[in-house]
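The numbers here are math on the coordinates, done by the rules we state, and not lab data. Please read these numbers as outputs of a predicted model, since none were measured by experiment. Quick reminder, even Gly has a Cβ in these numbers, built from the backbone with ideal geometry, and neighbours come from all protein chains shown.
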Amino acid sequence: MKKLLIMTTALTVTGAAANAEITVMSWGGAYTKSQVEAYQKPFTAMTGISINSVDADNPATPIKAQVEAGNVTIDVADVEFSDAVRLCDEGLLEEIDLSILPDAPDGTSAEDDFIEGALQDCAVANIVWSTVFAYNKDNNPTAPDSIDDFFNTADFPGKRGLRKSAKATLEMALMADGVAAADVYDVLETDEGVDRAFAKLDTIKDDIVWWEAGAQPPQLLADGEVAMSTAYNGRIFNAAIAENQPLEVVWDGQILDFDLWVIPKGAPNVEEALKFIAFSTDTQRLADQASWISYGPARKSSGALVGKYSDGVTEMAPHMPTAAANLENALVNNFEFWADRDAELNERFNAWLAN
Amino acid sequence: MAELSASNDLVTADGRSLKAALAQAEARAKRRAFLLVAPLLAFVLLTFVVPIGQMLVRSVHNDAFYSWTDRDTGEVIPTMVNLRAWFAQTKAGTEPDEAAYEALVKDLVQARELKSIGQSATRINYEKPGSRSLFTKSARRAPRLEAPFKEALLDVDEDWGDPGLWRAMRDASKTVTLNFYLSALDFERADDGSIVSVNENRAVYVLLFKRTLLLSLLITGLTLILGFPIAFLLATLPMRISNLLMIMVLLPFWTSLLVRTTSWIVLLQSQGVVNDLAVGAGLLADDGRVQLIYNQFGTIIAMTHILLPFTILPLYSVMRPIDPSYVRAARSLGATSWTAFRRIYLPQTVPGIGAGALLVFILAVGYYITPALVGGSDGQLISNLIAFHMQKSLNWSLAAALAALLLGGILILYWLYDRIVGIDNLKLG
C-alpha cells in the first residue's frame, strides 16, 4: 500500500515539475479572487510558473491527511494562525527561510516590516482579517451597534448565523456577556468561563443557523434567511460594495486573526512555492490585495500604499479591521489557547449542538 | 458405485490413470476460474478488506506518542524511549520518581531535536485536554534543565505532577489501547485508570448513535409506506404508463445527491418556496414562517426522498411477476379485499420489502452529506461526527473507533435480520 502511494506521489512530482505549475489552496469566493488578482496573475506573468488555484472550507484540514498519506498535492496553503502553529509543531510543514522575504522599499528589513507575530518558523502572514458580525439593513429596522445586540433576540428579532466551530463563537458569547476583550481568554481558561459562554449561546440556540464556508453568511444575509450573521469581514465588504447588497458590518467585538502562507511537508514544488510566498508578501503585492478585499496587509510598509477599492471610488481604509475606529473593542485571537484547547472545546461544542 | 471404487486401475486412452487425469483437468478448470475472479478479488481486497482492516487497527493502535516518521527519509524513529522503559519497569499508578522525570527530560530533548514534540503532545492532548502547550513549552526548555529533574520540571510547570497526565502518558505508550473505544462510548479514564463516564456536557456519541438508529428506522418506515403504493402502481399499470412513471422514479435517482439536497434547501428554507406559498395563501403570517430545514425535520424529509428509489425498485421487481389471478381467486372464494391483500398479496412481496428496507436502513445509517447540509444542529448523525474527527479534529483513531462501532452495530442488525426474516428471502431486483 505504502509503496503504491509513494509511486503515485513520485508520478505526481515528476508530472508537476515538467509543467512548472504550483497548486495554491485557499478559502474560495471573494477571498481567493483577491489573491488571484493581486498575487497569482502577476506572479505567473513574471515567472511563467502557472498556478492551479483550489479551495477548501479550511485549507488546514487536508494538509495532515495529505502528508500522512505521503501524497501531497498542495504546494502553498492559506491557513489560520493557530493551525499554522499546530501543523508546524507536528512537523507537517516545511520550514521557511525568512531571509527570502524582500525588504520594504525604504530599506526596512522584512523582519521589522511585518506586524509582530506575522512571521513564524513555517509560515508567513499575508493578511489580518477578522470575524465580525454583520446585518441586513432591510431586515433590521433598528441598526444593531454592539455585540450585545447580536445575542439580544428580544429587541432585535430574527435568526442568527454563526460559524459551526467553537473558535470565535465562544469568545463572542463572552464579550456579549460583558467580559472585556482583554479578559476573554483568562475567563475561557476556566471551566466556569466555558460554562458561561455556553449559557450565553443557549439564549439564542433556537435562532441559530450554522454556516461552514466563508461564502455562506453573505448569502444567508442577502436571502433574508438570517437577520444577522458572524462572517469574515472581507466577505461582507465584497457583498456590500461589489454586489450592492444592503449589508453592514458591526465592528464591536471583532476577533482579529492572521492568515498565513504555509508549505506542506513534502510539497511537490517547494522551490517555486517559496518563490511565490516571497513574491506575494512583498510590500506592493500585499497593498494590491487590499484593493480587492478589505483585509489588512501584514506588512506595515503596505499600509501607506492601500488606496481605493478596485472600483476606483471606495476608500479602503475605513473598511479595514485594523482601522483605529474599528479597534475600539477588538480581540486578538489567542493562537496558543486554541492550539491547546481546540479538541476539547470542539468536543463540548459538538455535544452542546447535538443536545 | 462399487464397481467404480473397486477399479482403481482404470486408465485413459494414453495410458494415464483416470483418477489423476480427472484431477488434473479439474485443477486446470479451477485455476482458470480463479484467474477469472482474480481481478475482482484483488479489487475487493484493495478497496474493501485492507482499508477496513487499517481502520480497525487504527482504532486500537496509535503510536503517535512514541514513534516518529522522518518525512524526508521515511525512516521511523522511536521516541520517548527512556520514558517507555520506565513505564515498562513500573506498575500502573506508580508515583513518578526522579528516574521517571530524568527519562522524561531526556526524551523531551530528543523530541525537540526531532521536532516530534508536537505530534507526541497532540496524542496526549486526546486523553488529557489542555496539555499540548505543556509539552511544547517544556521541550523548548528541556536542553537547559539540570538535575534534580523532578524539581526542574515542576518548576517549568506544576502540571507535571498531575497523576492524570502520567496515566495518559502511560496509556499512550502502550501499543494497543481501548481508550478510543471508551471515548466513542462517552467514557474516559480517571486519574487512577478506572473507567468513568465523561462529564455530561461532553457526552455526545451515545446520543448520536441512538439518534442515528432511530432516524434510520423512521426513514426506512417512511420509504416503505410511501414506496409500496408506488411500486404497486408501477407493477400493475399497463406497460406504457408504468414506463413513464418509472422514469419519474428514476430521474431523481440519477440526479446528483448534492443537487437533490440543495433543491430541498431551496424548497424548505424559511424564505423558500413552501413557506412563500403558505404565506401567499394566507396560511402563515409573514413573520410566522415555519422552520422546515436546518433541523431534524429537514434531515428526515430530504433523506426519505433521496432513499425512496432504493425501496421502490426492489419492491417493483418483486411485484411485477406476481400473478394477479391469486388475488382474484382469493376474492372469488369470499375473501374481503383487505384479507386478500394481507394473506395473499403482501406475503408474496416480503422479499422486496426485506430487500428495500435493509438497503435503505444500511444506507441511512451511514448517511453523511445530507444531514451535514440540511441537519442544522439536532439533525446530525453519527457519520457527521466521524467526518468531523477525520477532517477537522484529525483524531483518526477516535474516528476509526466510532466507525468500527457503527460497522459492528450494522453487522449485528444484519445477523438479526437473517435470523428473523432470513437472508435467502432477499430479492434485490
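The table for this structure:
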read-out	value
Rounded Å value of the spacing that divides the Cα centres of region B:84-143 and region A:211-289	38 Å
Antiparallel %, DSSP beta bridges [both residues in chain A], to 5	60 percent
Mean separation of Cα contacts under 8 Å (6+ apart) over length of chain A, as relative contact order %	26 percent
Other-chain or far-sequence residues with amide H under 5 Å of residue A:122's (modelled H)	A:96
Sparsely packed GluC sites (Glu not before Pro) within region A:303-355, loop by DSSP, other Cβ within 10 Å at most 12	A:328
Other protein chain Cβ atoms within 10 Å, averaged over every residue that makes up B:130-138	4
Chain B: angle of helix B:50-60 to the longest principal axis, Cα-based, in degrees nearest 10	40 degrees
Sequence-separation-based contact order of region B:1-89, relative, with Cα cut under 8 Å and 6+ spacing, percent	11 percent
Within a Gaussian network of chain A (alpha carbon springs, distance under 10 Å), most fluctuating of A:80, A:212, A:21	A:212
Sequence-distant residues sharing a close amide H with residue B:187 (under 5 Å, placed H)	B:198
Whole-Å distance, taken between Cα centres, linking region A:185-209 and region B:296-373	46 Å
Percent antiparallel among DSSP beta bridges (both partners in the protein assembly as shown, rounded to 5)	65 percent
Exceeding the 30 Å Cα-Cα cut-off - candidates A:167/B:150; A:64/A:164; B:115/B:210; A:137/A:167; A:33/A:200	A:167/B:150; B:115/B:210; A:33/A:200
DSSP-loop trypsin sites (Lys or Arg not before Pro) across region B:4-53, with at most 13 other Cβ within 10 angstrom	B:16
Helical mean residue ellipticity (222 nm; -39500 (n - 2.57) per DSSP H run of 4+; nearest 500) of chain B	-21000 deg cm²/dmol
Partner chain coverage, peptide A:55-61 - average Cβ within 10 angstrom	2
Prolate/oblate/rounded label for chain A (Cα gyration tensor, a/c 1.5)	prolate
Under-5 Å amide H pairs with residue A:211, H placed in peptide plane, nonlocal only	A:162, A:163, A:164
Where GluC sites (Glu not before Pro) in DSSP loops with at most 15 other Cβ within 10 Å are excluded, longest remaining stretch of chain B	B:201-429
Cα gyration tensor shape for region A:103-161, rounded if a/c is under 1.5, else prolate or oblate	prolate
Vicinal HN-Hα couplings computed from phi for region A:188-195 (Karplus, 6.51 cos²θ - 1.76 cosθ + 1.60; Hz; Gly/Pro x)	5, 4, 8, 4, 5, x, 5, 4
Shielding by other protein chains, A:335-347, mean Cβ within 10 Å	6
Karplus-derived HN-Hα couplings along region A:112-125 (A = 6.51, B = -1.76, C = 1.60, θ = phi - 60°), whole Hz, x at Gly and Pro	7, 6, 6, 4, 4, x, 6, 10, 10, 4, 10, 8, 10, 6
Cα gyration tensor shape for chain B, rounded if a/c is under 1.5, else prolate or oblate	oblate
Cα centroid separation, region B:204-253 to region A:336-351 (Å)	40 Å
Computed over chain B: relative contact order in percent, which uses C-alpha pairs under 8 Å that are six or more apart	16 percent
Rounded tilt (10° steps) of B:18-44 against the dominant C-alpha axis of chain B	70 degrees
Region B:111-124 - phi-based ³J(HN,Hα) in whole Hz, Karplus 6.51/-1.76/1.60, Gly and Pro as x	5, 5, 4, 6, 6, 9, 5, x, 5, 4, 5, 4, 4, 5
Acute angle (nearest 10 degrees) that the helix A:335-354 long axis makes with the longest principal axis of chain A, alpha-carbon atoms	50 degrees
